[in-house]
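Colleague: Dropping the structure in here first, questions after.
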Amino acid sequence: MLVTHLKELDAESLVYDSGDVVIEEHENANEILLVLSGELSVEISSQRELARIKPGEIVGEMGLFGNNRYCATVRVLSGPAEIIRVNSDALLRLALFDADLALEILALSSTRCKQGNQLNMLLLDSIQALNEGNESQLQKCLTQLETQAGGFQAAAQQLASINRRLIDPSATT
């Protein structure tokens, strides 16, 4: 739906290389980005990767609400990345008169929140399984975490390391 409004929104097409920062954490949230190609990494505080953004997804929409600041740094993980940049004020004005567009933005944001909630539950389930010594449940959780963005892969490795030390206190890794 957003793509059908690009002309009205005076959208700009940009190309970024791998490693380029496209959104800086704590900056004013003036734009929404639609990813057409490439893959982006969403990172907070000291480059801890929280999510990956693939073609067809948007990023920066969380900055539309709240304190109007980006809550993460977004960089190109694998490029070149073709990105459509849309002014967030223009998007909000258009959404006021287009209920379908407003619902699409809310649905995208809701999906991102649900994904975050699922990952939080997976981390909590992992910790509970580790605490209870439930090896089979822990392995299921760790396998799922290892398929996620880098920060969750690192968490899976740390939990596995803690588990090894609990099983064999002489283990160092």
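The values are calculated or read from the model by the stated rules, or taken from the named source; none is laboratory data. The structure presented is a predicted model; accordingly, all values stated were derived computationally and were not measured. As a convention, Cβ positions derive from the backbone with ideal geometry for all residues, glycine included, and neighbour counts pool all protein chains shown. In case anyone asks, the SASA skips ligands and DNA or RNA and just uses the protein heavy atoms, side chains included. Shrake-Rupley method; radii C 1.70, N 1.55, O 1.52, S 1.80 Å.
Colleague: Taking strands (runs of 3 or more DSSP E) that do not extend beyond region 47-111, which have at least 2 residues that are buried (at least 19 other Cβ atoms within 10 Å of the Cβ), in contact (Cβ under 8 Å) with a residue 12 or more places away in the chain and β-branched (V, I, T)? Let's see the steps before the verdict.
Modeller: Details: elements: 48-53, 73-78, 81-87.
Qualifying strands (runs of 3 or more DSSP E): 73-78, 81-87.
Colleague: Being β-branched (V, I, T) and within 13 Å of I84 (Cα to Cα) is the filter here, so list the residues in region 24-50 that pass it.
Modeller: The initial filter retains those residues of region 24-50 that are β-branched (V, I, T), namely 32, 35, 42, 44.
Passing the criteria: I32, V35.
Colleague: Please work out if L124 is among the hydrophobic types (A, V, I, L, M, F, W, C), modelled with pLDDT under 90, in a helix (DSSP H, G or I) and open to solvent by 80 Å² or more (accessible area, probe 1.4 Å).
Modeller: So L124 does not fit the description; no.
Colleague: Can you name every residue in region 37-46 that is among the hydrophobic types (A, V, I, L, M, F, W, C) and open to solvent by 30 Å² or more (accessible area, probe 1.4 Å)?
Modeller: Filtering region 37-46 down to residues among the hydrophobic types (A, V, I, L, M, F, W, C) leaves 40, 42, 44.
I44 - this is the single residue of region 37-46 that is among the hydrophobic types (A, V, I, L, M, F, W, C) and open to solvent by 30 Å² or more (accessible area, probe 1.4 Å).
Colleague: K140 - would you say it is open to solvent by 60 Å² or more (accessible area, probe 1.4 Å) and over 16 Å from the mean Cα position of the chain (by Cα)? Break it down into steps so the answer makes sense when it comes.
Modeller: Details: open to solvent by 60 Å² or more (accessible area, probe 1.4 Å): yes; over 16 Å from the mean Cα position of the chain (by Cα): yes.
Answer is yes for this residue.
Colleague: Another question about this same structure. Specify which of the listed residues (G116, G63, G56) is under 18 Å from E24 (Cα atoms) and of a type outside the set (F, W, Y).
Modeller: Values: G116 fails: under 18 Å from E24 (Cα atoms); G56 fails: under 18 Å from E24 (Cα atoms).
Being under 18 Å from E24 (Cα atoms) and of a type outside the set (F, W, Y) holds for just one of G116, G63, G56, which is G63.
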